[in-house]
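Report on the structure given below.
The values are calculated or read from the model by the stated rules, or taken from the named source; none is laboratory data. Keep in mind that this is a model prediction, so the values were computed, not measured. Because the Cβ atoms are built from the backbone with ideal geometry, glycine has one as well, and the counts that use them run over all protein chains shown.
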Amino acid sequence: MRDNNFLIENNARHVWHPMAHPGEMRENPPHIIEQGEGVEIVDIHGHRLLDGVGGLWNVNLGYSCEPVKDAIIAQLKKLPYYNAFRGTTNSPLIELSYELCDFFKPEGMARAFLTSGGSDSVETCLRLARQYHRANGQPERTKFFSLKKGYHGTHFGGASVNGNPNFRRNYEPMLGGVHHLPAPFTYRNQFDTDDGAVIARKIAALFEEEIAFQGADTIAALIMEPVLGSGGVIVPHETFFPLMRAVCDRHGILLIADEVITGFGRAGSESGSRLWGIRPDMISTAKGISNGYFPLGAAMISEKIAGVIEGAKGAAGTISHGYTYSGHPIGAAAALATIAEVKRQDIAANAARLGVQLLTGLEALKDKYEVVGDARGKGLMAALELVSERTAKTPADKAVVQALYDAAYEAGVMIRTSGNNVIISPCLAIDDTHVNRILSALDLGLAAATNALNRR
């Protein structure tokens, strides 16, 4: 490895970073993270931070989870790679498929298709939705519905169902036959109410209206996040998911739960679907499945879907889809160890408990600082929305948000910003003292943001 001077000098010069402007990254090079230990990270200058981002929603067990590391090393020595295409497989893949179906049994999942990450998992679910209808004698069911502000990855399928124009504009036109419904957002919505139950009913009614217009027999699936993560941690009313499930059932439309973020405990339940008490037709997972230690994901498939596709003759039942690294033995070994630790540590319960403490603290900060327009969260996924004027809900500008980020960083807590949202998604293995550290750093950050706003 080159020395630190080389790394600092060449930072952002030869690489384009995801979700960033290359020119801006060269002008303002990113922090170089050099080490991870427990639930903390250390940058190249030796500055230690509590990781309030959890890697990127995915390092749920922290950076010192030895059982996962040991599983990776052992598998690396035994079989570092072999493909899982027709004719071959590997032992960890077989075991992982069993464990995943067992883990998601309450959601009705019966099969697993292994992928390389979240975007792959979403793409797989979208493809399988169309294949299901084709195999079921309804090939005209090709359209998809999703939510505005939802995020479903970067492949053309996932980007097409994304509900944020920032992820679409530079790559349009997207896939045809995709339609978006309003997000179940109590803070910003078109319904002139902050009553989540009312909003849920109105969105379900709009869905029914659009189904009638499009024709139910043309619609393949609705895809939604149980809690909208990248869109700003939008927590729907408890009735929303069941209402949308019921609409889908009435019209033969599949429901895909995008659980890339909410799967494996982040929202305070083993899955977001379980949190809201529904059984989707498919689930896309990734991130926490391997604790972030290996790129891995899975599309989980219900018995209903499996029965139709497996029962189809010839090409209609062939899965003409896959990835070189589908069922990677090292990734599978990492996931097996991760799932075992998720169960042993009961991190979902920890996320639920500490999520209450975190949200209570965020709401207190909202009361303290006018720059906070909204505080929201579920489990250990939470957000502050910054505004320049609270009554008008005018979004705070980039300089105000950056002031908060910089102050929190100096105070020893890594957070993530997205537009005027500050997103908090720490490792699920944190404790009460870590929550207090996050809140203290945000307190300092909000003071800095207020000063930046007042200077404008």
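Points to keep in mind about this one:
- When we screen GLY176, GLY153, GLY118, GLY158 for residues that are assigned by TED's automatic domain parsing to the domain that holds ALA220, surrounded by fewer than 22 Cβ atoms within 10 Å (Cβ to Cβ) and under 30 Å from THR324 (Cα atoms), the only hit is GLY176.
- Residue within region 310-324 that is surrounded by 22 or more Cβ atoms within 10 Å (Cβ to Cβ) and assigned to a loop (DSSP other than H, G, I, E, B) present: no
- Residues of region 236-271 satisfying the condition of being more than 17 Å from VAL161 (Cβ to Cβ), part of a loop (DSSP other than H, G, I, E, B), among the hydrophobic types (A, V, I, L, M, F, W, C) and more than 13 Å from the chain's Cα centre (by Cα): none
- Condition met for GLY158 (of a type outside the set (S, T, N, Q) and either on the phi > 0 side of the Ramachandran plot or touching a helix residue (DSSP H, G or I) at 6+ places or on another chain (Cβ under 7 Å) (or both)): yes
Let's see how each residue does on (1) under 23 Å from the mean Cα position of the chain (by Cα); (2) outside the structural domain of VAL260 (by TED's automatic domain parsing); (3) surrounded by fewer than 17 Cβ atoms within 10 Å (Cβ to Cβ):
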{"residue": "ALA382", "(1), (2), (3)": "yes, yes, no"}
{"residue": "LEU386", "(1), (2), (3)": "yes, yes, no"}
{"residue": "THR391", "(1), (2), (3)": "no, yes, yes"}
{"residue": "ASP397", "(1), (2), (3)": "no, yes, yes"}
{"residue": "LEU404", "(1), (2), (3)": "no, yes, no"}
{"residue": "CYS427", "(1), (2), (3)": "yes, yes, no"}
{"residue": "ALA441", "(1), (2), (3)": "no, yes, no"}
{"residue": "GLY445", "(1), (2), (3)": "no, yes, no"}
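- Residue count, region 78-107 (criterion: of a type in the set (A, V, I, L, M, F, W, C) and over 22 Å from the mean Cα position of the chain (by Cα)): 5
- Matching helices (runs of 4 or more DSSP H) fully within region 3-104 where at least 3 residues are in the same structural domain as ILE301 (by TED's automatic domain parsing) and touching a residue at least 60 places away in the same chain (Cβ under 8 Å): 66-78, 91-103
- Meets criteria (of a type in the set (Ser, Thr, Tyr), assigned to a helix (DSSP H, G or I) and without any contact (Cβ under 8 Å) to a residue 60 or more places away in the chain) for THR360: yes
The rows are residues; the columns are (1) of a type outside the set (Val, Ile, Thr); (2) free of Cβ contacts under 8 Å to residues at least 40 places away in the same chain.
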| position | (1), (2) |
| --- | --- |
| VAL308 | no, no |
| ALA312 | yes, no |
| THR324 | no, no |
| GLY331 | yes, no |
| ALA340 | yes, no |
| ARG344 | yes, yes |
| ALA351 | yes, no |
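- Residues that are without any contact (Cβ under 8 Å) to a residue 60 or more places away in the chain, of a type in the set (A, V, I, L, M, F, W, C) and under 25 Å from GLY252 (Cβ atoms) within region 191-236 comprise ALA200, ILE203, ALA204, ALA205, LEU206, ILE211, ALA212, PHE213, ALA216, listed in sequence order.
- Hey, THR433 closer than 24 Å to GLU40 by Cα, within 24 Å of the chain's Cα centre (by Cα), surrounded by fewer than 16 Cβ atoms within 10 Å (Cβ to Cβ) and free of Cβ contacts under 8 Å to residues at least 24 places away in the same chain or not: no
- Residue match in region 118-129 (condition: part of a loop (DSSP other than H, G, I, E, B), modelled with pLDDT of 95 or more, in contact with a strand residue (DSSP E or B) (Cβ under 8 Å, 6 or more places away or on another chain) and of a type outside the set (Asp, Glu)): no
- Condition check for SER326: hydroxyl-bearing (Ser, Thr, Tyr), more than 13 Å from GLY263 (Cα to Cα) and either in the same structural domain as HIS155 (by TED's automatic domain parsing) or under 22 Å from the mean Cα position of the chain (by Cα) (or both): yes
- Top-ranked residue of region 387-427 - restricted to ones that are among the polar types (S, T, N, Q) and in a loop (DSSP other than H, G, I, E, B), ranked as nearest to ALA352 (Cα to Cα): SER425
- Region 428-456 - residue that is in a loop (DSSP other than H, G, I, E, B) and of a type in the set (A, V, I, L, M, F, W, C) and, of those, farthest from GLY288 (Cα to Cα): ILE430
- Top-ranked residue in region 410-419 [being within 30 Å of ASP346 (Cα to Cα) and under 23 Å from the mean Cα position of the chain (by Cα); ranked as surrounded by the most Cβ atoms within 10 Å (Cβ to Cβ)]: VAL413
- Restricting attention to region 365-401, the residues that are farther than 15 Å from GLY232 by Cβ and touching a residue at least 40 places away in the same chain (Cβ under 8 Å) total 11.
- Selection count, region 55-80, where residues are out of contact with any Gly (no Cβ under 8 Å at 6 or more places or on another chain) and either of a type outside the set (D, E, K, R) or buried (at least 22 other Cβ atoms within 10 Å of the Cβ) (or both): 12
- Residues that are assigned to a strand (DSSP E or B) and β-branched (Val, Ile, Thr) within region 366-386 comprise just one, VAL372.
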